[in-house]
Amino acid sequence: MESEHSIQKKIQVALSRHKCSVFRTNVGKVQTIDHRWFDTGLPQGFPDLMGFRWVDNQIFFIEVKSKTGKPRPDQIRFHEFLASHSVIHGIARSVSEARQIVDGGLIGYGYD
């Protein structure tokens, strides 16, 4: 089975070629070499990818999952927040699904 990381890279490349800018987000805390904690500053549940369409500068968010991956409760809460503001977002398990989210302006694809 293909890993989320592999799917994520393919989506980034494909959407970049599809007239979108796409950025990988990292959520969480890590300990630095000098034993200090570094927090990315993004809220828990923040989607893996964010970007915008060049055609209209509309922002979108994509949570990448493997074929069998399921959203965590914090990801569902973030989905509810984005949906309440009609922000384009969804779960993608493939390049095709990511393009459906971006091109279709879908809200919540894959969370229900």
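Given the DSSP H assignment, sum -39500 (n - 2.57) over each helix run of at least 4 residues in the chain and divide by its residue total; what's the result at 222 nm in deg cm²/dmol, nearest 500? Show your work: numbers first, answer last.
Numbers: 3 runs with 36 residues, N = 112.
Calculated from helices alone, the mean residue ellipticity at 222 nm is -10000 deg cm²/dmol.
The share of accessible area on the chain that comes from carbon and sulfur is 55 percent, using a 1.4 angstrom probe. Whole-Hz Karplus values for the stretch 32-37 come out as 6, 4, 9, 6, 8, 8 Hz, taken residue by residue from phi with 6.51 cos²θ - 1.76 cosθ + 1.60 and θ = phi - 60°; glycine and proline positions read x. Here Cα extents along the principal axes in Å was computed from the coordinates, and among (1) 45, 32, 29; (2) 34, 31, 25; (3) 59, 34, 26 the match is (1). Solvent-accessible area per residue in the stretch 26-96 equals 62 Å², computed with a 1.4 angstrom probe and all protein chains kept. With a simple spin-label model that places each label point 7 Å from the Cα along the Cα-to-Cβ direction, the separation between I76 and S96 comes to 2.7 nm. How big is D, in µm² s⁻¹, for the stretch 60-107 by Stokes-Einstein at 20 °C and 1.002 mPa s if Rh is the Kirkwood radius over C-alpha pairs? Estimated diffusion coefficient is 198 µm²/s. Between amide H atoms placed 1.01 Å from N, distances below 5 Å from G110 occur with I91, all of them 5 or more places distant or on a separate chain.
The values are calculated or read from the model by the stated rules, or taken from the named source; none is laboratory data. Predicted model, so just to flag it, every value in this text is computed and none were measured. Here Cβ is always computed from backbone atoms with ideal geometry, including for glycine, and neighbour counts include all displayed protein chains. Just the protein is used for accessible areas: all its heavy atoms, side chains included, with ligands, DNA and RNA removed. Shrake-Rupley method; radii C 1.70, N 1.55, O 1.52, S 1.80 Å.
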